[in-house]
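One structure below.
We did not get these values from a lab; they are worked out from the coordinates using the rules stated. Remember, it's a predicted structure, so these values are computed and weren't measured experimentally. Note that each Cβ is placed from the backbone with ideal geometry, even for glycine, and that neighbours are counted across all protein chains shown.
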Amino acid sequence: MAHSEQSTDTLSRRGLMFILSSPSGAGKTTISHMLLMADDEIKLSVSATTRPRRSGEVDDIDYHFVSDEQFDAMVDEDDFYEWAHVFGHRYGTPKGRIRTGLKEGQDFLFDIDWQGTQQLYQKDQQDVVSVFILPPSLTELRRRLEARAQDSAEVIDSRMERARGEISHWAEYDYVVINDDVDRCFVKVREILHAERMKRTRQTGLIPFVRELME
């Protein structure tokens, strides 16, 4: 019996949770936007938050906006992969939609810190791929923060102190990329994503394909 005409490029696969972390100013948000624009097979994980909606934000697109009571209920029901307090509000990643998407081969992009990354690993390590983006130097990181012209010197000092703490967790990630040039960094991050998609353990369609191939 001849094997099916299905292309090996379209074999069923399990999706993955692709994490990008970095200190503020090191480039993860820029790289995330570039990846979402360039790759139709990955979409941003939408977090639930108790933070009030800002002008222009859309519920279920920017965030799932919930009340404190709703968030409490989701925590009690263990409905989060990870959640944390950030600047007086809570943010969390709901499990349900992610797990359904992963089974269907959908990849999800996470822009989270090292603490959120640890929680995801603990809940679903097999589906997690983590990348930590480093600045070329702390001097350059400060220059980028100052170039934004968004924060006071005091706030920048605070961000720099926090950056040192975040950088100390670099060894907990699967991959580490230095962002000395945003375009080169993006190419490396995308190569990581492509390679992880091709891992045998994620290629769920390979088993029936090879069985049919051998008949």
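Here is how the numbers come out for the structure above:
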{"read-out": "The range 62-158: GluC sites (Glu not before Pro) in DSSP coil with no more than 11 other Cβ atoms inside 10 Å", "value": "Glu77, Glu104"}
{"read-out": "Residues of the range 63-91 with amide N under 12 Å of the 7 Å Cα→Cβ point at Arg99", "value": "78-81"}
{"read-out": "Area projected by the alpha carbon convex hull of the range 161-215, averaged over all directions, nm²", "value": "5.7"}
{"read-out": "Stretch gain in nm, segment Thr204-Glu140, where the contour uses 0.36 nm per residue and the Cα spacing is subtracted", "value": "18.7 nm"}
{"read-out": "Amide H within-cut-off set for Tyr63, under 5 Å, with H built and near neighbours excluded", "value": "Val58"}
{"read-out": "Calculated on alpha-carbon atoms, Rg and Dmax of the range 153-193 in Å", "value": "13.2, 38"}
{"read-out": "Longest exposed-site-free window of the chain, the sites being trypsin sites (Lys or Arg not before Pro) in a DSSP loop that have at most 15 other C-beta atoms within 10 Å", "value": "55-198"}
{"read-out": "Least to most buried among Ile133, Ile207 (fewest other Cβ within 10 Å first)", "value": "Ile207, Ile133"}
{"read-out": "Label-point gap, in nm, between Val182 and Glu212 - each point 7 angstrom along Cα→Cβ", "value": "4.4"}
{"read-out": "The chain: Cα Rg divided by the 2.2 N^0.38 Å rule of thumb", "value": "1.14"}
{"read-out": "Beta bridge orientation in the chain: antiparallel %, DSSP, nearest 5", "value": "30"}
{"read-out": "Gain on full stretching of the segment that runs from Gln118 to Leu44 - 0.36 nm per residue minus C-alpha separation", "value": "24.8 nm"}
{"read-out": "Extension gain (nm, one decimal) between Val86 and Asp174, 0.36 nm per residue minus Cα-Cα", "value": "29.2 nm"}
{"read-out": "Computed log₁₀ I(q)/I(0) - Debye formula, equal Cα scatterers, no solvent, the range 113-165, q 0.27, 0.28 Å⁻¹", "value": "-1.02, -1.06"}
{"read-out": "DSSP-assigned coil residues among chymotrypsin sites (Phe, Trp or Tyr not before Pro) in the range 25-96, each with at most 10 further Cβ atoms within 10 Å", "value": "Phe87"}
{"read-out": "Whole-number D in µm²/s for the range 1-122 (Stokes-Einstein; Kirkwood sum over Cα pairs; 10 °C, 1.306 mPa s)", "value": "99"}
{"read-out": "Overall Cα dimensions of the range 71-116 - principal axes, largest extent first, Å", "value": "35, 23, 13"}
{"read-out": "Compactness relative to 2.2 N^0.38 Å, alpha carbon Rg of the range 64-183", "value": "1.24"}
